[in-house]
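Data first, discussion second: the structure below is written as structure tokens.
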Amino acid sequence: MAWNERLINHNRYMISNLLDDFLDKETGGEAYFLANSIIHDLAVFTLRTNKHWLGSGKWMFRELRKMDAALANQFEQSLEAFYQRHDKQAIAKLAEICLRPYGGRLLEGYYIG
């Protein structure tokens, strides 16, 4: 099922909100869980907006790689950067890349009603 503008905007908002929380946290428990949520939600967003099958676990990564090998490498490298060096900016940059074609991050002016 293709996502309509409402679903795209809702997911942009949810990812943007998670990213703001992530960037405000010290590295540790909450930041690790937020990183995982962001990566998962970005993968779902990217696959859905490109009309690809989702899969789960390793199959989600394989589908990303099949869709765009360079982008799949950025997903992998952003997690490595965070887990190995506590570099949050790699995940923020990945979010920017994934959301940019749809208007980028969305917080101001969005209302869930």
Completion exercise
About its Cα centre, the chain carries a charge dipole, from +1 on Lys and Arg Cβ atoms and -1 on Asp and Glu Cβ atoms, whose size in debye to the nearest 20 is 500 debye
Practice task
Could you check which residue among 41, 68, 87 shows the biggest mean-square fluctuation in a GNM of the chain with a 10 Å Cα cutoff?
Solution key: 68
Fill in the blank from the handout: Across all Cα atoms of the chain, Rg and the largest Cα-Cα distance (Dmax), in Å, are 13.6, 39
Completion exercise
Residue-normalised 222 nm signal for the chain, counting each DSSP H run of n ≥ 4 as -39,500 (n - 2.57), nearest 500 deg cm²/dmol, is -23000 deg cm²/dmol
Practice task
Can you tell me how much longer the chain between residue 26 and residue 6 gets when fully stretched, taken as 0.36 nm per residue apart minus their C-alpha distance, in nm with one decimal?
Solution key: 4.0 nm
Completion exercise
Relative contact order in percent for the chain (Cα pairs under 8 Å, 6+ apart) equals 31 percent
Handout entry: Most mobile of 88, 25, 58 in a GNM of the chain (Cα contacts under 10 Å)
Key = 58
Problem - Straight-distance crosslink candidates among lysines, where the alpha carbon sits under 24 Å from residue 25 and sequence neighbours closer than 8 are dropped - result: 88, 93
Problem - Prolate/oblate/rounded call for the stretch 53-113, Cα gyration tensor, a/c under 1.5 rounded - result: oblate
Fill in the blank from the handout: In this structure, the FRET efficiency calculated for residue 65 and residue 86 from their beta-carbon separation, with R0 = 30 Å, to the nearest 0.05, is 0.70
Problem - Gain in span if fully extended, residue 77 to residue 102, counting 0.36 nm per residue against the direct Cα distance - result: 6.7 nm
Handout entry: GNM result for the chain, Cα springs below 10 Å: residue of 35, 90, 70 fluctuating most strongly
Key = 70
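No value in this document is a laboratory result; all are computed from the given coordinates. In this text the structure is predicted, and so the values were computed from the model without any measurement. All Cβ positions, even for glycine, are placed from backbone atoms using ideal geometry, and neighbour counts span all protein chains on display.
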